[in-house]
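Structure record follows, encoded as structure tokens.
Laboratory data are not the source of any read-out in this text; all were calculated from the coordinates shown. Remember, it's a predicted structure, so these values are computed and weren't measured experimentally. Because the Cβ atoms are built from the backbone with ideal geometry, glycine has one as well, and the counts that use them run over all protein chains shown.
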Amino acid sequence: MGRAGPVRAAASGTWQLGDLTVHRIGFGAMRLTQNGEAFAPDAVPSDRGRAVGVLRRAVELGVNHIDTASFYFSRLRSANELISRALAPYPDDLVITTKVGPSRSSSGEFLPHATPAQLRGQVEENLRQLGRDHLDVVNLRIVGTAPIAERFGALADLRDAGLIRHLGLSNVHPHHLAEAQAIAPVVCVQNRYGLGIRPDHDEFLHTCGRLGVAYVPFYSIAGPGGEAGASGAADDEVLAVARAHGAAPAQVRIAWTLHRGPHVLAIPGTGDPDHLAPNVAAGALRLTEDQLATLDSLHHRRGAAGPR
């Protein structure tokens, strides 16, 4: 990156989640709890000390936005409890975003969406694990296209009761955002998106920007690999841009995502301390107009066969 010392998260710029200011490069906690594919029942649990060290180093690098969930756990590790162990008492500027809706059994099997009555229990579980008296941002995660008013309304009630500061949505379609905003303000939308992944959501991303809603892609580095992580060789276009900047392909993917708009936030996750600093440094990578045009073309070409 051509700089002395590690690049800090502040180089990525900032965005407001309601009244909370976050750097546009954050950290996703999903991969902290085990080695290998996320949620794989036979995966080896992560090393506790290494996971704690990654979290503490992220904050040292200026990361002040961490994404997590109570269903991020392995046989021996819980992401929320790792966060609490590593970072409590929490820095004043740290924003922790969690999500509710799905849950997992003790064996790791995903369970159906929570009912409105069950959502309070999920919120309280996150509060207990994180050791907090309120949650900064809670995303309602959705599967399918069914109406969400009753469930989002239940979270709005918990916000009014002081257990939640701000509300967001995850894994949603444009009509879900409109439905939720008719009930309570939405500060972020967290969807699967990245270079070559879901170009059909480009317009939704831009709509969020016009509404002042943060768009927070997940799996933006993994691409088609999803929960299994990045795999396979990088495209020639990505490699060429990476070489031009002395960067890694993963950094180019993160940088391209951030260039989609000032309201786009990145939450690359890793349990590997060697990957953390480069991920944060990607927030300082400035792509040229020609490079963006090349990558945009790749995005639409690759996305034609990508996940929907």
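Run the numbers on region 9-303 and let me know its relative contact order in percent, using alpha-carbon pairs under 8 Å that are six or more apart.
Details: 590 pairs, mean separation 59.1, N = 295.
Across region 9-303, relative contact order equals 20 percent.
At 0.36 nm per residue, minus the direct Cα-Cα distance, what do R56 and D272 gain on full extension? Give it in nm, one decimal, please. Kindly include the intermediate steps, with their values, before the conclusion.
Numbers: separation 216, 0.36 × 216 = 77.76 nm, distance 1.26 nm.
76.5 nm is the gain from fully extending R56 to D272.
Let me have the 222 nm mean residue ellipticity of the chain computed from DSSP H runs of 4+ only, each contributing -39500 (n - 2.57), with the sum over all residues rounded to the nearest 500. Write down the numbers at each step before the final one.
Working: 10 runs with 111 residues, N = 308.
Computed mean residue ellipticity for the chain: -11000 deg cm²/dmol.
Counting only DSSP beta bridges with both residues in the chain, what percent are antiparallel, rounded to the nearest 5?
30
Between S106 and D290, how many nm apart are label points set 7 Å from Cα along the C-beta direction?
Going from the S106 label point to the D290 one covers 6.1 nm.
With a ≥ b ≥ c the root eigenvalues of the C-alpha gyration tensor of region 123-197, is it rounded (a/c under 1.5), prolate (a/b larger than b/c) or oblate?
Numbers: a/c = 2.19, a/b = 1.41, b/c = 1.55.
It is oblate, given that a/c is not under 1.5 and a/b is not larger than b/c.
Pop out the Kirkwood hydrodynamic radius of the chain from its pairwise C-alpha distances, inverse of mean 1/r, in Å to one decimal.
Numbers: mean 1/r = 0.0514 Å⁻¹.
Taking every pair of different Cα atoms in the chain, averaging 1/r and inverting gives 19.5 Å.
Order these by the 10 Å Cβ neighbour count, fewest first: T97, T21, T145. Could the numbers behind the result be given before it?
On the way: T97 30, T21 13, T145 10.
Fewest to most other Cβ atoms nearby, the residues stand as T145, T21, T97.
Spelling out what I want: for every residue of region 160-170, take phi, set θ = phi - 60°, compute 6.51 cos²θ - 1.76 cosθ + 1.60 (Karplus), and round to whole Hz; glycine and proline get x.
4, 7, x, 7, 10, 8, 9, 10, x, 10, 9
To make sure I understand, if each residue's beta carbon is the centre and we count other beta carbons within 10 Å, what order do V189, V264 fall in, fewest to most? Walk me through the intermediate numbers first.
Details: V189 29, V264 20.
Fewest to most other Cβ atoms nearby, the residues stand as V264, V189.
Under 5 Å between amide hydrogens, which residues at least 5 positions from S170 or on another chain qualify, with H placed 1.01 Å from N in the peptide plane?
L140, R141, I142, Q190
Highest mean first, how do 129-139, 277-287, 146-156 rank when packing is the count of other Cβ atoms within 10 Å averaged over residues? Could the numbers behind the result be given before it?
On the way: 129-139: 20.2, 277-287: 21.9, 146-156: 17.4.
Top of the packing list down: 277-287, 129-139, 146-156.
Show me the ranking of peptides 52-61, 173-182 by mean Cβ neighbours inside 10 Å, starting with the highest. Write down the numbers at each step before the final one.
Working: 52-61: 18.4, 173-182: 16.0.
Top of the packing list down: 52-61, 173-182.
Most mobile of R243, R48, R31 per a Gaussian network model of the chain (Cα springs, under 10 Å)?
So, out of R243, R48, R31, the one fluctuating most is R243.
Which one, A69, A161, A114, has the greatest fluctuation when you compute a Gaussian network model over the chain with C-alpha springs under 10 angstrom?
Highest fluctuation of the listed residues: A161.
Provide the packing ranking of 79-85, 6-12, i.e. peptides ordered by the mean count of other C-beta atoms within 10 Å per residue, highest first. Could the numbers behind the result be given before it?
Working: 79-85: 22.3, 6-12: 20.3.
Averaged packing, sorted descending, gives the order 79-85, 6-12.
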